[in-house]
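Q: Dumping the structure here so I can ask a few things about it.
FYI, it's all coordinate maths here, none of it is from the lab. Note that the structure is a prediction, hence the values are computed from the model and not measured. All Cβ positions, even for glycine, are placed from backbone atoms using ideal geometry, and neighbour counts span all protein chains on display.
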Number of protein chains: 2
Amino acid sequence: MIQTPPPCIPSELLESTAFLLGRMGIKLKKRVMEDLEAAGFSPWDFGVLALVADRACETQATIADGLGLDRSQLVGMLDGLEERGLIERKRDPRDRRRHTVTATGDGKRQLSRIRTIVKRVEDEFLAPLDAESREQLHALLVQVAQYHDPRFSPAEQALAAAV
Amino acid sequence: MIQTPPPCIPSELLESTAFLLGRMGIKLKKRVMEDLEAAGFSPWDFGVLALVADRACETQATIADGLGLDRSQLVGMLDGLEERGLIERKRDPRDRRRHTVTATGDGKRQLSRIRTIVKRVEDEFLAPLDAESREQLHALLVQVAQYHDPRFSPAEQALAAAV
DNA sequence: TATTGTTATACTCTATAACTATA
DNA sequence: TATAGTTATAGAGTATAACAATA
């Protein structure tokens, strides 16, 4: 057997924050999704349930826009959540084109299960960082997120700005 | 027209480092890929060229393992790079099953073009962070990456460990 | 028999456009 | 005419298994 160098990442990529951020983000998302799917959830259940449980009177358009996915994509996800009894779709009587989406009691319960799973995966993933480092990381990510996307600004702020 | 709340992300997701890291990582990767494709490169060209230019005598297996992709996936990418004259495949005379992959002169030149593009996108993406914050972010990501994956440890370390 | 590179296949995710019913 | 939701379709990306050449 002929020796080859051990597989490793070129130093150039290690020095690229872009490369690392992309890699780690995708890896973490993959882990979260694996654990959620193992528990019977689909990838977007967290986002949709969190959004619907958080705010009353969502329409499918605002949910899709809020999460940054296509309206046509959302349909299938809501179908799944509705079949499992986690959300309800009702026609908006004021505008019969619209569907008002709300979380059921069981939907809220399952959301809290999802929360636990995501938190656990996050803890495992960020294991090498102490509490202070984690807060640092979180704060940096929030800064970047808010810079690029107004949706990442807290709701109160957005509402205040709208007034 | 009936008012609906402005689209925004539920506070629960904003507070989740996992959610933010996943989102930002994917968004950044998407931007890098868009700019690379606009310049005529395919998504994995950066990783492959950086790996091949960095180290001599790579085989397809070590490239795939190093970048964490499947060997069958790598074939098409190398085909593309070879057609464009950026890499060369040669049979390893010591083990004729193996292909030794090297970067051509033009491959190295194009790699430096890619570097510039990635750096520019990264700068734009991390615009809200000052130099110190960027270093912090980078250091935190390195810590996490190395914790999960030995490939992210610098080559010298890996070689030293192998001795 | 095991390994390297290759090909073929299928499956998921996503992006796009068309369709309906309401406005 | 424009909008909300839906459906259908096509494409990229990825994962898996089978294959030929070589060890």
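Q: Across peptide B:146-154, how many C-beta atoms of other chains are within 10 Å of each residue C-beta, on average?
A: Partner Cβ neighbours, averaged per residue: 5.
Q: At A:Ala127, label 7 Å along Cα→Cβ: distances to the other copies, nm, ascending?
A: 3.9
Q: Still on this model: Sorted by mean Cβ packing within 10 Å, highest first, what order do the peptides B:98-105, B:9-16 take?
A: Packing order, densest peptide first, comes out as B:9-16, B:98-105.
Q: In terms of modelled amide H atoms, which long-range or inter-chain residues lie less than 5 Å from the amide H of A:Thr100?
A: A:Lys90, A:Arg91, A:Asp92
Q: Longer than 30 Å from Cα to Cα, which of B:Lys90/B:Lys119; B:Lys29/B:Lys90; B:Lys27/B:Lys108 are they? Say none if no pair is.
A: B:Lys90/B:Lys119; B:Lys29/B:Lys90, as the Cα separations exceed 30 Å there.
Q: Still on this model: Express the relative contact order of chain A as a whole percentage, based on alpha carbon pairs under 8 Å and six or more residues apart in sequence. Can you show the working numbers first?
A: On the way: 110 pairs, mean separation 31.3, N = 163.
Value for chain A: 19 percent.
Q: Kindly write out, for the stretch B:24-34 in residue order, the coupling ³J(HN,Hα) from the Karplus curve 6.51 cos²θ - 1.76 cosθ + 1.60 (θ = phi - 60°), rounded to whole Hz, with x marking Gly and Pro.
A: 3J(HN,Hα) across the stretch B:24-34, in whole Hz: 5, x, 5, 5, 5, 4, 4, 5, 4, 4, 4.
Q: Please build a GNM for chain A, connecting alpha carbons under 10 Å apart, and tell me which residue among A:Ala145, A:Ala64, A:Ala39 fluctuates the most.
A: A:Ala145
Q: To the nearest 20 debye, what charge dipole does the protein assembly as shown have about its Cα centre, counting +1 at the Cβ of each Lys and Arg and -1 at the Cβ of each Asp and Glu? Don't jump to the answer; show the numbers that get you there.
A: On the way: 46 positive and 50 negative charges, 158 e Å.
Computed about the Cα centre, the dipole is about 760 debye.
Q: If you take the Cα atoms of the protein assembly as shown, find Rg, then find the Kirkwood Rh from the mean of 1/r over all pairs, what is Rg/Rh?
A: With Rg and the Kirkwood Rh in hand, the quotient comes to 1.04.
Q: On to the next question. Run the quick spin-label model on B:Ala61 and A:Val75: label points 7 Å from Cα toward the beta carbon, then report their separation in nm to one decimal.
A: 4.8 nm
Q: Another question, if that's okay. Compute the whole-percent fraction of alpha carbon pairs in the stretch B:96-157 spaced more than 17 Å apart.
A: 66 percent
Q: Tell me, what is the FRET efficiency for B:Arg115 and A:Glu83 to the nearest 0.05, using R0 = 56 angstrom and their Cβ-Cβ distance as r? Walk me through the intermediate numbers first.
A: Details: r = 49 Å, r/R0 = 0.87.
With R0 = 56 Å, the Cβ-Cβ based efficiency is 0.70.
Q: Can you give the local net charge around A:Leu20? Use residues other than it whose beta-carbon is closer than 13 angstrom to its beta-carbon, Lys and Arg +1, Asp and Glu -1.
A: Cβ neighbours under 13 Å give a net charge of 0.
Q: Which semi-axes, in whole Å and largest first, does the equivalent ellipsoid of the stretch A:4-150 have when worked out from the alpha carbon gyration tensor as the square roots of 5 times its eigenvalues?
A: 35, 18, 15
Q: Further question on the same structure: State, as an integer percentage, the relative contact order of the stretch A:31-125 based on alpha-carbon contacts under 8 Å between residues 6 or more apart.
A: The normalised contact order for the stretch A:31-125 reaches 33 percent.
Q: In the stretch B:104-143, whose amide N lies under 16 Å from the spot 7 Å out along Cα-to-Cβ of B:Ala38? List them in ranges.
A: So the set is B:114-126.
Q: Output ³J(HN,Hα) for the stretch A:127-132: one whole-Hz value per residue in order, computed from phi by the Karplus curve 6.51 cos²θ - 1.76 cosθ + 1.60 with θ = phi - 60°, and x for Gly and Pro.
A: These are the phi-based 3J(HN,Hα) values: 3, x, 9, 7, 4, 5 Hz.
Q: Moving on to the next point. In peptide B:127-133, how many Cβ atoms from other protein chains are near each Cβ within 10 Å, on average?
A: 3
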